[in-house]
1. Can you work out the base-10 log of I(q)/I(0) for region 74-175 at q = 0.13 1/Å, using the Debye formula on its C-alpha atoms alone?
2. Could you tell me what a quarter of the Cα convex hull surface of region 251-368 works out to, in nm² with one decimal place?
3. Can you compute the equivalent ellipsoid semi-axes for the chain, i.e. the square root of 5 times each eigenvalue of the Cα gyration tensor, sorted largest first and rounded to whole Å?
4. Which whole number of Å³ per residue matches the convex hull of the alpha-carbon atoms in region 36-83?
5. For every other residue with a beta carbon closer than 14 angstrom to the beta carbon of GLN174, add +1 if it is Lys or Arg and -1 if Asp or Glu, then tell me the sum.
6. Using only alpha carbon pairs under 8 Å that are at least six residues apart, calculate the relative contact order of the chain and give it in whole percent.
7. Between THR170 and GLN82, what is the label-point separation in nm under the 7 Å Cα-to-beta-carbon projection?
8. Please give the peptides 140-146, 70-76 ranked by average Cβ packing (other Cβ atoms within 10 Å per residue), highest first, as a rough proxy for protection.
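Derivation of every value follows stated rules applied to the coordinates shown; laboratory data play no part. Predicted model, so just to flag it, every value in this text is computed and none were measured. Cβ coordinates were reconstructed from backbone atoms using ideal geometry, including for glycine residues, and neighbour counts include every protein chain displayed.
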Amino acid sequence: MSIIQFNHREPIGSSTYPMPNGLVDLKRSASMLSTNPDFPTSTIYIHIPFCDQICSFCGFNKSVSSEDTKEAYVDALIEELQIYAHTPWISALNVPAVYIGGGTPNSLSADQLSRILSFLHQNFPLAKECEITCEGTPMNFTEDRIAILKHYGVKRVSAGIQTFNYDIRTEHLQMREGKEELLKYIERIASHFDNFNLDMIFNMPRQTDDIWQDDLETVLDTPVKHLTIYPLVLLEHTIFYSDFVKKGKYPAPEQDREMRLFNLSQQKLQNTSFATGRYTVRDWAHPGYYRRYIDTNAHCNHVLAFGAGAHGFLGTYTYRNVKSVKQYVDMVKNQKILPYDSQTFCSIRQIMERFMVMGLRLINLDLADFDLRFGEPWQNHFGDKVQALINSGFIELDGSRVKYTAQGYIWANNIRSYFEHNTTGAVGYSDTRGLGKTGKDHYSSWLRVKATDAETT
Ligand code: SF4
């Protein structure tokens, strides 16, 4: 009987698979866009790589940039949208969810946001009830930006809080606002958007159990309907990476403590409305407030991704756009070509693996969907692996649905990686700084975790 043991808990999981790390073939890509897609469902991701300030932990592709750079970027973004728009492939799509992420999308002006959203509505087949999400800082959801977002049908907003604790925010995260100020911003945003998410981080320096509990209790007292909680991950080329690894300012984050705080979060939230609509290991929601964007991507649908460093999946290939804003603007505006940095044209086996890697983000993946999608039983390809995970106490099958056990919740990202081919690894929707060729190289050596850490005996 196969038993699996994971040595290191993966703090975050893959947001795309397989890793786009092959050569770009623009001719083949253009030829594909002139045909119809095999299936119509696609989400849209738009990356805005600008922030007003740089937070200590953040590894996303972003920078503090001038107004001129932002304006040139928005022009280029619309050029990139234009390259795809009205191709047979795009015209045949149905888009149930759009996610504008970053960076800080609401660091753009109301006019810039308006131009992007207007172009999208006019040129892409958004579904009637399309869920459009815009990320941003709580401070930048100003009345003029809110008015534009609402005008263009943005129904969902997401704000990074990380912690309400003033000392941690100011001393360790490069953030300025205190709890009372943040709560006022949250009230204002919630008065406009019923579907509102907060991002929170645990296992940060000086964040005691009491502080984390207080953070969760504070969220529970707000009107927000969705909560995403992440463990701290040390990403290369971040301020924290330098503080932790190079300067030795803080002790290494302990995995045991991370697991303890993870379990504490589950206990704290389990009898609340957030538990009722929980749909991934890290996403908690009031009933009906799940993120359609995540759910659609988890079902192995297309992801049309735009912007510098964005990652997409167009049915037969995954791709990554160039990270540099300058290079992105040049490729799109001057050369008028798709700004791809790399691509991987997928085999059927890789798409099947993608189904598992993306799908197991959900806490109730229905494997019957695999049979429908690929026309053959999932057992033919993953029966042994699923059985090994059951034998090891990580998952159970409820009919054809995969249910994580208590241990499975803790090791969920490792379980997802278990279905990846060994040579690939986790990436985000937009590239992180310092991303290496295998994808998992962007973790520090302390927290570097590889799919090969799964030992099967
Ligand atoms: S956490 Fe958000 S606001 Fe902070 S640097 Fe990263 S993208 Fe910008």
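1. At q = 0.13 Å⁻¹ the computed log10 ratios are -0.54.
2. Details: hull surface 44.3 nm².
Projected over every direction and averaged, the Cα hull of region 251-368 covers 11.1 nm².
3. Numbers: eigenvalues 180, 169, 94 Å².
In descending order, the three semi-axes are 30, 29, 22 Å.
4. Details: hull volume 4.8 nm³, N = 48.
Residue-normalised Cα hull volume stands at 99 Å³.
5. Working: positive: LYS62, ARG169, ARG176, LYS249; negative: ASP52, ASP167, GLU171, GLU177, ASP243.
My count for the surroundings of GLN174 gives -1.
6. On the way: 898 pairs, mean separation 115.2, N = 457.
So the answer I get is 25 percent.
7. Roughly 4.8 nm, to one decimal.
8. Working: 140-146: 16.6, 70-76: 18.6.
Per-residue mean Cβ counts within 10 Å order the peptides as 70-76, 140-146.
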